[in-house]
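Colleague: Starting off with a structure, shown below.
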Amino acid sequence: MKKALTILVALAVAVCFSLPALAADAAKAPGPERGQGYHHKMTPEQRAEYKKVKADFLNDTMALRQQLAAKRVELKTLLAQPTPDGAKIKAVADEKVDLLAQVMKKYNEYLAKYPQYFKRYKYHHDGWDRKADKDRPRRGQPPAAPAN
């Protein structure tokens with residue numbers, strides 16, 4: 001009896017841990033289209049144009065992203081020193097934040113320039129126009145009062 005109960009509990013625990021994994025992609029199409037999101041619905045011409053646009057964005061921001069990576073390494077190095085210099089750490093951190101702001105500005109321009117490729121970002125990206133979504137309550141906020 002004890003052995004059967006142990007097996008039953010182990011089986012129940014295994015099922016509890018596996019259900020979220022099985023349900024994660026339940027709404028997506030099975031087969032080769034699974035996990036491709038919005039872009040699998042594009043025609044080959046649209047997909048080629050999207051890849052070109054994305055490559056152009058990556059090429060435009062490559063220098064900034066390389067500088068940002070260098071600042072991250074420099075900041076980690078400064079923080080790992082036995083006696084860190086607070087002023088230098090603050091200066092490097094400020095430079096890193098400025099570089100990240102430049103990259104995000106270019107990213108927002110990129111999203112706004114090609115909205116047909118980024119429908120999934122419409123309501124989730126801070127740099128996007130949320131006119132259609134302004135009245136929807138956010139998590140943890142009460143619903144907006146009805147207009148009279």
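Colleague: In sequence order, what are the phi-derived ³J(HN,Hα) couplings for the stretch 64-78 according to the Karplus relation 6.51 cos²θ - 1.76 cosθ + 1.60 with θ = phi - 60°, rounded to whole Hz, with x for glycine and proline?
Modeller: Couplings: 5, 5, 5, 4, 5, 5, 5, 5, 4, 5, 4, 5, 4, 5, 5 Hz.
Colleague: Next up: Between the stretch 43-65 and the stretch 72-94, what is the separation of their alpha carbon centroids in Å?
Modeller: One Cα centre to the other: 34 Å.
Colleague: Name the long-range amide H neighbours of Met42: under 5 Å, sequence gap of 5 or more, or other chain; modelled H, no Pro or chain starts.
Modeller: Residues meeting the amide H criterion: none.
Colleague: Going down the table (Lys54/Lys88; Lys52/Lys113; Lys51/Lys105; Lys71/Lys105; Lys51/Lys113), which pairs top 25 Å between alpha carbons?
Modeller: Values: Lys54/Lys88 35 Å; Lys52/Lys113 14 Å; Lys51/Lys105 20 Å; Lys71/Lys105 18 Å; Lys51/Lys113 15 Å.
The pairs that break the limit, which is 25 Å between Cα atoms, are Lys54/Lys88.
Quick note: the coordinates plus some simple rules give every number you see, no bench work behind them. What you see is a predicted model, and the numbers here were worked out from it, not measured in a lab.
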